[in-house]
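*Asks:* Have a look at this one.
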Amino acid sequence: MEEIKKGGLVDVFDLKNVDVHIGEIVDEGEGEEEWEPMGPHPMPRIATLRDWDFKLLNRYKPFYAPICDMCCLCTYGKCDLTGNKKGACGIRMDAQQGRIVLLACLVGCSAHCGHGRHLLHDMIKKFGPDVPIDFGPEVDIEAPLTRLVCGIKPKTIGDYDEVFSYVEEQIVQLADALHTGQEGSYMDFESKALHMGMLDSLNKEAADIIQIACYGMPTSLPGGGPDVPLVDVGIGTIDTNKPVIIVIGHNVPPAADIGVYLTENDLEDKVELGGICCTSIDTTRVYTKAKIVSALGRQLRVLRAGIADVVVTDEQCIRADVLELCQRVQSPMIATNDKAMHGLVDRTDDDPNKIVEDLVSGRVPGVIILEPDQVGEVAVRTALQMDKKRRSLNFILSDDEFKYYVNDCILCGGCTLACPNGLHIGEANKSAATGNIKPLADLFDLCVGCGRCEQVCKKHIPIVDVMTKAAYPQLKAEKGRMRIGRGPIWDSEIREVGAPLVLGTIPGIIAPIGCGNYPNGTKDAWLIVKEFAERNYIVTLTGCMAIDCALWKDEEGKTIYEAHHGRFDAGGVLNIGSCVSNAHIHGAAIKVASIFAGRPLRGNYEEIADYILSRVGACGVAWGAMSQKAASIATGFNRLGVPAVVGPHGAKYRRAFMSRPDIKEDWKLIDATDGSEVYVEPGPQDLLVACETVEEALPMMAKLCFRPSDTDRGRSIKLTHYIDLNQKYLSTYPPDWHLFVRAASDLPIATRNELLKKLEDEQEWKIDWKKKKIVEGPIRGYNPSFNPTNLERLIRGKK
Amino acid sequence: MEVAFDVANVSGPEMGGIAPPEVIGSYISSARKPLLVVGSEMLRDDFFVEIAIEIGKKGIPIAATGHSIRGFVEKEYTENVHYYNLHELTNYLRDPNWKGLDGEGNYDFVIFYGIIYYYASQMLSCLKNFATEPLVRTVSIDRYYHPNARMSFTNIMPRMEEEYKDMLDKLVESIKR
Ligand code: SF4
Ligand code: SF4
Ligand code: SF4
């Protein structure tokens with residue numbers, strides 16, 4: 001057995017058939033300076049990690065697809081930038097696109113920072129600053145990003161004040177760069193966007209750690225991690241015979257207070273608490289009787305269906321017309337966050353009796369209550385009374401209304417031109433009018449629930465309601481199950497899988513995250529998870545994709561969470577939690593570098609990102625990426641060396657990061673062992689790329705898990721999946737599979753001869769058939785002790 | 001004036017024109033080195049795959065994006081057909097030094113066909129804005145008005161499918177190589 005020294009480098013390729021055991025990396029109980037020596041880049045500023053960014057940007061050159069050819073940000077404009085022209089201020093189209101990307105990341109990062117800071121205020125007010133951050137016996141590295149970026153090892157939630165102060169200052173500096181007459185280089189805009197993305201990842205970790213610590217959400221204490229319970233998902237799981245409260249958004253304290261009120265008043269089985277979007281995920285982490293009604297994509301339709309006796313909003317991903325929607329179905333609304341007040345009157349600290357009376361009588365359509373601890377009582381009491389009032393109401397169209405509307409459609413196509421997915425609604429109406437409602441019912445899942453179609457219909461057909469009516473039997477039957485968000489990956493799990501991940505024998509981590517702007521419905525989310533879990537990848541989900549994939553079942557009637565274990569190990573399907581929880585996916589990659597390879601963490605972002613880029617085969621997928629948060633999340637993954645695939649709507653983010661495998665010089669790495677330069681295969685080929693269909697995305701994700709550090713055994717496993725997924729979904733061999741072959745031992749044994757023959761015939765490689773060896777052809781040979789890096793400072797000895 | 005297929009897809013002062021199949025066909029005929037880029041929507045009917053193959057048989061190479069390559073494999077027409085991811089392909093097309101599918105250089109003309117509207121629109125926008133020296137000309141022969149292409153058809157609703165098929169037949173006929 002080989003012991004790995006604390007803080008020392010370990011050459012993983014020298015470790016054959018050995019058990020890796022790692023002791024405490026961090027000295028506990030000593031002064032702040034003692035836990036680990038400070039690395040080179042604590043609390044990096046805009047320019048600190050610019051060299052690293054430029055290394056990424058030179059290989060993965062920013063690609064721009066403007067969605068608007070003009071700029072109208074100052075009174076010189078509008079400026080026409082078509083054809084990479086310059087505006088009056090001198091900015092070119094490419095830099096302007098970088099500027100808009102930075103703006104999107106600014107908005108996304110600010111949302112997470114604002115959310116985290118808000119949460120910290122509320123939690124310090126409620127519990128004080130000294131709530132300990134202790135995630136149980138299996139999690140020593142409690143805050144990998146906080147340690148990595150800030151050089152801080154947080155002990156209590158109060159320690160996050162300093163972290164947010166740092167982020168807030170950086171956000172302001174980065175926002176400053178957006179002003180007319182500041183930055184002019186697209187490369188620097190992108191470096192700033194990467195900085196913003198990194199800050200965003202830090203915000204997310206901070207926010208989740210604070211809520212885990214304060215609410216006792218699952219950790220490595222009993223019942224946590226792989227053993228978290230399952231909860232109900234789907235519109236069909238809500239019992240509308242009971243009063244129903246629907247929470248929407250991302251900030252859990254008001255919903256948590258509702259859970260507390262229900263528990264304390266013995267109402268848990270008498271009132272339904274359901275949620276939409278991330279608040280629902282986090283509510284189930286504190287109150288397991290809560291249900292997840294839907295992800296973001298169905299918000300409009302859930303509200304229109306009128307199942308809510310009261311709607312409680314907090315922040316982010318709430319429809320801007322939520323109040324109007326609530327009024328339409330007589331659901332009183334309680335806004336609980338100063339970032340989304342919707343024109344209502346602030347009734348914080350008012351007498352709850354009066355508030356409930358005003359809401360129930362309909363005197364006001366809604367109220368604002370900014371103290372989370374005042375929300376539970378008002379929401380529950382209102383729901384109890386509204387249930388009685390609303391019981392006789394029905395907001396699903398009657399059969400006659402449905403018939404009238406589908407017959408009234410004149411097939412003008414206006415709705416199709418307005419629909420983001422170009423759905424053929426008129427034709428489906430026509431078919432329903434002649435008795436076949438299936439096409440219309442099928443549209444329900446393809447629809448992203450935006451409501452644009454209805455606004456242009458000249459016949460004033462309530463298209464969304466018509467679709468809901470057609471799909472109603474399916475909706476009532478929609479009953480899925482998902483694991484509640486488990487939060488951090490355990491250090492002990494990383495110890496188990498660190499070696500197989502870096503060596504490649506677990507072919508990768510697939511991280512489906514984010515919103516529901518899917519090109520072809522929610523089933524794609526399920527297929528992505530199923531395909532990779534069955535191939536023994538580790539699948540870590542957060543946010544809307546974690547919810548949407550739970551709506552579908554296999555032949556045995558099991559959801560994907562029921563069919564797979566929840567360990568961070570081969571074949572696991574893990575719900576990490578809400579959007580902020582996806583910081584733990586960064587955390588897992590960072591812990592691989594730290595726990596498995598012994599790389600120092602503290603203030604050492606560049607080295608860890610370099611490690612992850614070359615060695616940790618992880619790939620994010622935001623198949624329905626929609627928001628600015630998704631832009632900053634993906635950019636944060638990218639700076640840490642993790643690629644991401646987006647669906648076709650993701651092309652509207654304007655920017656992608658793709659490499660050029662045909663430009664040899666772009667693929668020069670350094671062998672840290674002796675400083676020699678090595679030309680390598682394109683792994684990972686892209687950092688951000690859109691695929692048109694899920695059939696294309698599946699092999700693409702497998703491709704983006706190749707890393708130069710793969711051992712031959714690991715490479716052969718990755719190649720097997722890459723080739724197999726291509727054959728399964730694209731009916732062909734991938735045109736570039738040979739690029740990833742370094743030696744015959746990289747080829748799967750079962751098909752080795754066949755593949756060698758293909759290399760000889762199609763690529764004109766020289767094969768020694770007697771020895772079954774490749775003599776000439778590959779970009780490089782396989783060197784088991786290759787120690788890849790992009791950073792000269794990490795060279796250990798000169799050749 | 002025709003509206004974009006996705007009505008708000010108004011890009012700026014340079015919006016492409018709408019043209020009948022014969023005009024687009026002769027425009028394609030003027031290309032020095034054209035490339036047909038097809039996407040997954042082509043797979044919705046065999047007819048559309050046949051159209052792509054007919055264009056291919058006129059000596060125009062085909063980049064099959066999305067999972068459209070399946071259509072060509074099924075019809076056993078794979079000569080001159082190469083799988084590419086559309087984002088990556090557009091990244092190549094914007095570079096004048098790219099060697100192309102044949103290793104002999106980039107294309108001066110790209111025909112978009114069978115690609116999800118909004119994704120195609122973004123890629124056409126990239127080429128319009130950044131593939132300018134030398135110019136890469138673009139057309140779309142989908143059933144959508146594409147303002148970011150130099151030329152495209154008008155919006156064609158599903159009930160006009162037969163007319164659209166006729167248009168494609170006419171287009172193929174009018175491509176002279
Ligand atoms: S910021 Fe620059 S490009 Fe934009 S409108 Fe003003 S002058 Fe024109
Ligand atoms: S509500 Fe659905 S059908 Fe209507 S425009 Fe939006 S996505 Fe299309
Ligand atoms: S806009 Fe209205 S009338 Fe026109 S096709 Fe759509 S549903 Fe029918």
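No value in this document is a laboratory result; all are computed from the given coordinates. Just so it is clear, the model here is predicted, and its values are computed rather than measured. Note that each Cβ is placed from the backbone with ideal geometry, even for glycine, and that neighbours are counted across all protein chains shown.
*Asks:* Take the residues in segment A:415-462 that are at positive phi and free of Cβ contacts under 8 Å to residues at least 12 places away in the same chain, then tell me which one is nearest to the chain's Cα centre (by Cα).
*Replies:* We begin by selecting, within segment A:415-462, every residue at positive phi; these are A:422, A:435, A:449, A:451, A:460.
Retained after the next criterion (residues that are free of Cβ contacts under 8 Å to residues at least 12 places away in the same chain): A:422, A:435, A:460.
Values: A:422: 26, A:435: 41, A:460: 37 Å.
Only one residue fits best here, namely A:422.
*Asks:* Provide a single number: the residues in segment A:411-420 that are surrounded by 22 or more Cβ atoms within 10 Å (Cβ to Cβ) and either outside any loop (DSSP other than H, G, I, E, B) or more than 12 Å from ligand 3 (Cβ to nearest atom) (or both).
*Replies:* Total meeting the criteria: 4.
*Asks:* Please work out if residue A:665 is assigned to a helix (DSSP H, G or I), closer than 30 Å to residue A:69 by Cβ and of a type outside the set (Lys, Arg).
*Replies:* Numbers: assigned to a helix (DSSP H, G or I): yes; closer than 30 Å to residue A:69 by Cβ: no; of a type outside the set (Lys, Arg): yes.
Considered against the rule, which asks whether it is assigned to a helix (DSSP H, G or I), closer than 30 Å to residue A:69 by Cβ and of a type outside the set (Lys, Arg), residue A:665 comes out as no.
*Asks:* Got a number for residues in segment A:688-739 being assigned to a loop (DSSP other than H, G, I, E, B) and within 13 Å of chain B (Cβ to nearest Cβ)?
*Replies:* 10
*Asks:* Still on this structure: Which residue out of A:465, A:408 is surrounded by fewer than 20 Cβ atoms within 10 Å (Cβ to Cβ), within 16 Å of residue A:299 (Cα to Cα), away from chain B (no Cβ under 14 Å) and touching a residue at least 12 places away in the same chain (Cβ under 8 Å)? Explain how you work it out, then say what you get.
*Replies:* Numbers: A:408 fails: within 16 Å of residue A:299 (Cα to Cα).
When all the criteria are applied, what remains is A:465.
*Asks:* Within segment A:82-91, take every residue that is more than 9 Å from ligand 1 (Cβ to nearest atom) and not polar (S, T, N, Q) and give me the one that is farthest from the other protein chains (Cβ to nearest Cβ).
*Replies:* Looking at residues that are more than 9 Å from ligand 1 (Cβ to nearest atom) and not polar (S, T, N, Q), I get A:85.
*Asks:* Checking residue B:39 against (1) within 11 Å of chain A (Cβ to nearest Cβ); (2) over 13 Å from the mean Cα position of the chain (by Cα), only one condition comes out false. Which one?
*Replies:* Status for residue B:39: all satisfied but (2).
*Asks:* Can you report the number of residues in segment A:353-387 which are part of a loop (DSSP other than H, G, I, E, B), surrounded by fewer than 23 Cβ atoms within 10 Å (Cβ to Cβ) and touching a strand residue (DSSP E or B) at 6+ places or on another chain (Cβ under 9 Å)?
*Replies:* Selection size over segment A:353-387: 3.
*Asks:* Tally up the residues in segment A:48-75 that are more than 10 Å from chain B (Cβ to nearest Cβ), without any contact (Cβ under 8 Å) to a residue 24 or more places away in the chain and more than 27 Å from the chain's Cα centre (by Cα), please.
*Replies:* 2
*Asks:* Checking the structure you have, find out if any residue of segment A:503-515 is farther than 24 Å from residue A:646 by Cβ, aliphatic (A, V, I, L, M) and within 10 Å of ligand 2 (Cβ to nearest atom).
*Replies:* Among the residues of segment A:503-515, not one is farther than 24 Å from residue A:646 by Cβ, aliphatic (A, V, I, L, M) and within 10 Å of ligand 2 (Cβ to nearest atom), which makes the answer no.
Conditions tested, residue by residue: (1) closer than 29 Å to residue B:114 by Cα; (2) within 9 Å of ligand 3 (Cβ to nearest atom); (3) part of a loop (DSSP other than H, G, I, E, B).
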position	(1), (2), (3)
A:389	no, no, no
A:392	no, no, yes
A:400	no, no, no
A:403	no, no, no
A:431	yes, no, no
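*Asks:* Here's something else I'd like to know. So how many residues does segment B:70-86 have that are within 12 Å of residue B:37 (Cβ to Cβ) and facing another protein chain (nearest Cβ under 9 Å)? Outline the logic, then answer.
*Replies:* Going through segment B:70-86, the residues within 12 Å of residue B:37 (Cβ to Cβ) turn out to be B:81-86.
So of that shortlist, the ones also facing another protein chain (nearest Cβ under 9 Å) come out as B:82-86.
Total satisfying the criteria: 5.
*Asks:* Taking the conditions exactly as written (within 30 Å of residue A:698 (Cα to Cα) and within 14 Å of chain A (Cβ to nearest Cβ)), does residue B:16 satisfy them or not? Break it down stepwise before answering.
*Replies:* Values: within 30 Å of residue A:698 (Cα to Cα): no; within 14 Å of chain A (Cβ to nearest Cβ): yes.
Judged against the criteria, residue B:16 is not a match.
*Asks:* Quick one: is residue B:77 under 14 Å from the mean Cα position of the chain (by Cα) and in a loop (DSSP other than H, G, I, E, B)?
*Replies:* no
*Asks:* Regarding residue B:167, is this residue touching a Gly at 6+ places or on another chain (Cβ under 8 Å), more than 13 Å from chain A (Cβ to nearest Cβ) and surrounded by fewer than 24 Cβ atoms within 10 Å (Cβ to Cβ)?
*Replies:* When the stated conditions are applied, residue B:167 does not pass them.
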